[in-house]
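Colleague: Take a look at this one; I'll ask things after.
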Amino acid sequence: MVNIARHASNASLSHQDLLNIAKIEKERNQQRINNVGRIEKRNAEHALTLQNLHKDLDSFNWNQELVSYRKKAQYQIDSNSFCPSFAIHIPDFNEITKCIACHAFPKCTARDLCRVCRFYVDNGLKNQIIDKNYQPKNEVPENVNLDMMCESALDGIFQFSEFRDGQKDAIKSFVQNNDTLVLKQTEGGKSLCYALASVIATGITVVFSPLKALVDDQVLELIKIGIPCGGLYASTAQPMCYQRKVFQEIACELTRIIITTPEKFKFNVGFRQMLEQIGTSKGIRFVIDEVHCILDQEHFRIFSTAPILLLTATCRMVDAQEIVTRLGIDYQKMSLIRSFGNNSIIYQVQKKKDNKEQFLGDILKIINEIEVGKCIIYCVSIKECENLLTNLQAKVRKEIITMYHSELSAKEKSNALSLWKSGKIQIIVATNAFGIGINEPDV
């Protein structure tokens, strides 16, 4: 660089010129090293992602014979040693008195049944009880129709006195094997549409969610209600023993809902073949939650004979039409249910300050105004997320704030979500890897 400078100027260079040139050259070399480092890091992360995906495909064999796992579950029930995959989410699981029909949830009736098993017995659905030795003491009801089942499940399982607008129509359409698109506002009760349908319909309901955090959150919510389900995603973060338990619960027909990611369905051939087998023998139906997110999934297809429920609060009609076309749905036979009542979301737009301290001050002012409830602060990148968390931790108590983004481990993500939902953490600084569809009323 010095020789080039001398040739260009055709004059001798001063000592200061040489120092400046040396500084520039050093900065450029450092920048080149940084660029090479970033490229190598990106390539290594990409290689690790592919390696993890390959490991996931080669981990648990989902395309096994179901019969032996079903027999094993019955043996564990008979020997009083059955422990479901979701036992960790049920307080004092080992000490509580359990339902005598499913052995998975606490009893809540004088008949020693959980809410779901009581619903099965009261509505003539005894075949959906997993303990084949169980015999109901009361008479099998007659002339129970779909409307009566919907009302019975709403009151007996979900503890609601009436349906919200559009919910019952969506449930009946889906249970009757119609492809159904539901557009309801945020907090409109979209999740209840598939959750209630899952306990009425035979077979299994597969729900696609765009985020791992949302999968975990939905599993927690369903277990809290008392609906047996499992969450699966394309990650080696889920232990083999957990996957084996979920498979066993699917085999013995305890599981009503599988919540998974589109990637799991697309890339895990054995998993897809197992679902196809269940669809042929028992019946299967699909749900796409936050359906607009499926636009990011190229070549995503489900089984053509299975009914599908599409749920969204924000999808534009033009995008909905593209999704329907991609999935091969006959839109002339599809049920469209739209319901937009009063929305509890309040919007306020405030211009972001260019000055860093003023910007931070505005965020702190908003945080200090929150007397009750939780807060999510979204950032456009992981780096901004980390920087903002560091700055805020110097201003607020560290124990009330945490962070969530895609590069955290599965354990760190689960811990952050759990602490935030429980109220032990009030503020979560996150990228868009967090929050879509999270069921939380006080944000």
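Every number in this text was worked out from the coordinates using simple rules, so none of it is lab data. Bear in mind the structure is a predicted one, so any value in this text is a computation, not a measurement. A quick note on method: Cβ atoms are made from the backbone with ideal geometry, for glycine too, and the neighbour counts reach across all protein chains shown.
Colleague: Spin-label point model (7 Å from Cα, Cβ direction): what's the VAL396 to VAL443 distance in nm?
Modeller: Label at VAL396, label at VAL443, 1.5 nm between them.
Colleague: Only helical DSSP H runs with n ≥ 4 go in: add -39500 (n - 2.57) per run for the chain, normalise by residue count and round the 222 nm mean residue ellipticity to 500 deg cm²/dmol.
Modeller: Estimated from H runs of four or more residues: -14000 deg cm²/dmol.
Colleague: How long are the semi-axes of the equivalent ellipsoid of segment 356-430, taking √(5λ) for every eigenvalue λ of the Cα gyration tensor, in whole Å from largest down?
Modeller: 19, 16, 9
Colleague: Say the dipole of segment 143-339 comes from +1 at the beta carbon of Lys and Arg and -1 at that of Asp and Glu; which of GLY189, THR325, PHE160 then lies farthest toward its positive end?
Modeller: THR325
Colleague: Report the gain in length on full extension from ILE39 to VAL349: 0.36 nm times residue separation, minus Cα-Cα distance, nm rounded to one decimal.
Modeller: 107.9 nm
Colleague: Further, regarding this structure: Do any GluC sites (Glu not before Pro) in segment 285-331 lie in a DSSP loop with no more than 10 other beta carbon atoms within 10 Å, and if so, which?
Modeller: In loop regions of segment 285-331 (DSSP not H, G, I, E or B), the sparsely surrounded GluC sites (Glu not before Pro) are GLU298.
Colleague: Still on this structure, I have one more. State to the nearest 20 debye the size of the charge dipole of the chain about its Cα centre, where the only charges are +1 on K and R beta carbons and -1 on D and E beta carbons.
Modeller: About 820 debye.
Colleague: Note the angle between two axes, namely the Cα long axis of helix 190-200 and the longest principal axis of the Cα atoms of the chain, as a number of degrees from 0 to 90, rounded to the nearest 10.
Modeller: So the helix axis and the longest Cα principal axis differ by about 30 degrees.
Colleague: Now for a separate question. Report the percentage of all Cα-Cα pairs in segment 172-250 whose separation exceeds 18 Å, rounded to a whole percent.
Modeller: 48 percent
Colleague: If one takes the longest principal axis of the Cα atoms in the chain, at what angle in degrees, from 0 to 90 and to the nearest 10, does the Cα axis of helix 410-422 lie?
Modeller: 70 degrees
Colleague: If you split all Cα-Cα distances of segment 234-333 into 5 Å bins from zero, what percentages do you get per bin, shortest first?
Modeller: Whole-percent P(r) values from 0 Å outward: 2, 10, 21, 24, 18, 13, 8, 3, 1.
Colleague: State the three equivalent ellipsoid semi-axes of segment 294-443, derived from the C-alpha gyration tensor as the square roots of 5 times its eigenvalues, in descending order and whole Å.
Modeller: Equivalent-ellipsoid dimensions as semi-axes: 37, 18, 16 Å.
Colleague: Same structure again: How about segment 111-201: which GluC sites (Glu not before Pro) there are in a DSSP loop, with at most 10 other Cβ atoms within 10 Å of their Cβ?
Modeller: Hits after loop and neighbour filter: GLU139, GLU142, GLU162.
Colleague: Return the single residue from ILE302, ILE401, ILE367 with maximal mean-square fluctuation; model: Gaussian network over the chain, springs between Cα atoms under 10 Å.
Modeller: Result for the chain, Cα springs under 10 Å: ILE367 fluctuates most.
Colleague: Another question about this same structure. Just for the chain, what percent of DSSP beta bridges are antiparallel, to the closest 5?
Modeller: Taking every DSSP beta bridge within the chain, about 5 percent pair in antiparallel fashion.
Colleague: Let me ask another. Starting from segment 338-415, pick out the chymotrypsin sites (Phe, Trp or Tyr not before Pro) whose DSSP state is loop and whose Cβ has at most 10 other Cβ atoms within 10 Å.
Modeller: Here the chymotrypsin sites (Phe, Trp or Tyr not before Pro) that fit, given the DSSP loop and packing criteria, are TYR347.
Colleague: Hey, could you pull the Cα Rg and Dmax for the chain, both in Å?
Modeller: Every Cα atom of the chain included, Rg and Dmax give 27.0, 107 Å.
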